[in-house]
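J.: Here's a structure for you.
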Amino acid sequence: MSNSVRVRFAPSPTGPLHIGGVRTALYNYLFAKKHNGTFVIRIEDTDQTRFVPGAQDYIMKSLEWAGIMPTEGPGIGGEYGPYIQSERKEMYMPYAEQLIANDKAYYAFDTAEELDTMRENAKNSGMPNWQYNSITRTSMVNSLTLPKEEVQKRLDNGDPYVIRMKMPRNQDVRFEDIIRGWVVVNTNNLDDKVLFKSDGMPTYHLANIIDDHTMKISHVIRGEEWLPSAPLHVLLYQAFGWEAPQFAHLPLLLKPDGNGKLSKRDGDRLGFPVFPLNWLTAEGETFPGYKEDGYLPESFINMLAFLGWNPGTTQELFSLDELVESFSLERVSKSGAKFDPDKTKWFQQQHLRQQADSWIAEQVQSDFPGVAIDRLTIVAGLLKERITFLHELKAEADYFFEAPTYFDEKTLSKKWKDNSNALMTDWLGELEKITSFTPESVDASFKAFIQAKELGIGAVMPLFRLLITGKGMGPGIFDIAAFLGKEEVIARMKSGLQKFA
Ligand code: GLU
């Protein structure tokens, strides 16, 4: 399969890219990389009424942030451009005319009012779902019912028309979906879809298959919502005499309770983003994004990969390269994938832990003005397992840079006894004796101290921690002590002892 694999992500710029869309892009990216293929992005903007300014830019920025940029597309380049359908406008009509010439499509002149009347009449006679199809088309105004000269006259006149698919009667359309297996649909259930609109633009269906063909797309990997369109697409490939690409329809992304599709309002309701980046609507409403909420792209991608796919092993943490290595469409499930906000946070925690201490320090440096990067690197290493997001480090790290002013009430009432002051004064005496103040030397001195006192760790260490950090819990206390340095530790001990005298 290598080298011939060409896949595409084909979003319509009708709004911000939902995480389901990013997952589609991700699976395309992974599949392309896995097979040394090419990942293309094509903007499908044939429906001008739904065009949203800024959406295309948002889509590109989202893919860039996620680290899954295509290698062909608008603003990127490639041999098969342009990659925006409105810029390919002139290309489509000759193909539509070819279909008409081959009796696979026809002109339809019915006005919107005539179609409404048809639907209304059908409804009144008990048929609520009227369709323009192989039966009803015989009583409509089109190039199949009008005399040839009349059709030509109307075209010459510039009368508005659409071009419709001439859906064959009672024919089984079959294709093998990589994820779903064989799909068979009888054409009696399909209508004569509009292929070309009266505004001079092709519809999604026509443009999509012409572009997939001319861009040499080998695999169409897209959301399940496009499965009902696939039989029409297969028929179009046949009508043109082209080989169809292979199809893989991805499972839906469901709400956390499994009840229905994940929608943009679920994020608000349940407190998690459903968009990769913040999106500001024309009305001034902001929808939060993963990036701005503090997720790392690594976590976001890892979480998305697992919404519908699994590696078949117990491994859950994957870098993008590892995902490329492990990914296969055969391991994508048919059934909907439930979004899990807790798991999403878990992925974030895990990936944050995997970052180098120095990298974390660099990211948060502006939160710690005046702190040297190597000092911050130590703090990052000590605290990274205790936070979920980088922006939480600042609050968590307060006592590394300032003596505590607040002392944890619970630890205080539970651990601070009548003899604690005397005990800690003795410990202070030991600390003063340490010459080279390292985690190891403080640790050794502490062990000797509790042994001499015949006390357990639990009776002494929490008091020490409380005095120098104000907290009941935290990373290794000897690391903290060494970071603060002998002078600071002693000062904090003294001031605490005065407080709790
Ligand atoms: N333009 C369609 C969309 O917005 C693309 C569907 C497809 O990939 O064929 O999702």
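Derivation of every value follows stated rules applied to the coordinates shown; laboratory data play no part. What you see is a predicted model; the values in this text were computed from it and never measured. Counting neighbours? That spans all protein chains shown, and the Cβs are built from the backbone with ideal geometry, glycine included.
J.: Average projected area of the Cα convex hull of the range 326-473, in nm²?
T.: That works out to 13.9 nm², a quarter of the Cα hull's surface.
J.: Something else about it: Just grab the label-to-label distance for Ser358 and Thr405, each label 7 Å out from Cα along the Cβ direction, in nm (one decimal).
T.: 3.6 nm
J.: Could you give me the ³J(HN,Hα) list for the range 29-45, computed from phi with Karplus coefficients 6.51, -1.76, 1.60 and θ = phi - 60°, whole Hz, x at Gly and Pro?
T.: Karplus-based 3J(HN,Hα) across the range 29-45 equals 4, 4, 5, 4, 4, 4, 9, 6, x, 10, 10, 10, 10, 10, 8, 9, 10 Hz.
J.: Where does each of Glu298, Glu285 land when they are ranked from fewest to most other beta-carbon atoms within 10 angstrom?
T.: Sorted ascending by nearby Cβ count, the order is Glu285, Glu298.
J.: Counting only helical runs of four or more DSSP H residues, what would the 222 nm mean residue ellipticity of the chain come to if each run contributes -39,500 (n - 2.57) and the total is spread over all its residues?
T.: About -13500 deg cm²/dmol.
J.: What's the ranking of 168-177, 132-141 by average number of surrounding C-beta atoms within 10 Å, highest first?
T.: The most tightly packed comes first, giving 132-141, 168-177.
J.: For the chain, what is the relative contact order in percent, using Cα pairs closer than 8 Å and at least 6 residues apart in sequence?
T.: 12 percent
J.: State the extension gain, in nm to one decimal, for the chain segment bounded by Ile76 and Lys261, taking 0.36 nm per residue of separation less the distance between their alpha-carbons.
T.: 63.3 nm
J.: Using alpha carbons only, how many degrees (0 to 90, rounded to 10) separate the axis of helix 457-469 from the longest principal axis of the chain?
T.: Taking Cα atoms only, the helix is inclined about 80 degrees.
J.: Still on this structure, please answer the following. Arrange the following residues from fewest to most other Cβ atoms within 10 Å of their Cβ: Arg492, Arg331.
T.: The most exposed by this proxy come first: Arg331, Arg492.
J.: List, in order, the whole-Hz ³J(HN,Hα) value for each residue of the range 85-98 obtained from phi through the Karplus relation with A = 6.51, B = -1.76, C = 1.60 and θ = phi - 60°; use x for Gly and Pro.
T.: The phi angles translate into 4, 4, 7, 9, 2, 5, 6, 7, 4, x, 5, 5, 5, 4 Hz.
J.: Full-extension gain between Leu317 and Ile135, please, as 0.36 nm times their residue separation minus the C-alpha to C-alpha distance.
T.: 60.0 nm
J.: Another question, then. Per 0.36 nm of contour for each residue apart, how much would the distance between Val52 and Glu114 grow if the chain were fully extended, relative to their Cα-Cα spacing?
T.: Taking 0.36 nm per residue and subtracting the Cα distance, the gain is 19.3 nm.
J.: How tilted is helix 439-453 with respect to the longest principal axis of the chain? Cα atoms for both, answer in degrees (0 to 90, nearest 10).
T.: Tilt of helix 439-453: around 50 degrees.
J.: Something else: Determine, for Val324, Val185, Val489, the number of other Cβ atoms within 10 Å of each Cβ, and report the residues in order from fewest to most.
T.: Val324, Val185, Val489
J.: So who's got an amide H within less than 5 Å of the one on Gln246, skipping anything under 5 residues away but keeping other chains? H placed 1.01 Å off N, in plane.
T.: The answer is His219, Val220.
J.: Could you give the size of the charge dipole of the range 1-75 about its Cα centre, using +1 on the Cβ of each K and R and -1 on the Cβ of each D and E, expressed in debye and rounded to the nearest 20?
T.: 320 debye
J.: What ranking, highest mean first, results for peptides 439-445, 463-469, 377-383, 113-119 when packing means the other Cβ atoms within 10 Å averaged over each residue?
T.: So the peptides 439-445, 463-469, 377-383, 113-119, ranked by packing, come out 463-469, 377-383, 439-445, 113-119.
J.: Treat each spin label as a single point 7 Å out from the Cα along the C-beta direction, and report the Asp199 to Ala444 distance in nm.
T.: 7.9 nm
J.: Round to the nearest 0.05 the FRET efficiency obtained for His391 and Glu283 when R0 = 35 Å and r is the Cβ-Cβ distance.
T.: It comes to 0.80.
J.: Calculate one ³J(HN,Hα) per residue across the range 496-501 by plugging θ = phi - 60° into the Karplus curve 6.51 cos²θ - 1.76 cosθ + 1.60, and present them in order as whole Hz with x for glycine and proline.
T.: 3J(HN,Hα) across the range 496-501, in whole Hz: x, 5, 5, 4, 9, 5.
J.: Which residues in the range 284-300 have a backbone N closer than 20 Å to a point placed 7 Å from the Cα of Asp268 along the Cα-to-Cβ line?
T.: The answer is 284-293, whose backbone nitrogens lie closer than 20 Å to the label point.
J.: Points 7 angstrom from Cα along the Cβ direction at Leu455 and Glu325: gap in nanometres?
T.: For the pair Leu455/Glu325, the computed spacing is 5.0 nm.
J.: Check cross-link reach from Lys264 to the lysines: straight Cα distance under 24 Å, and skip same-chain residues fewer than eight apart.
T.: Lys61, Lys255, Lys291, Lys334, Lys338, Lys343, Lys345
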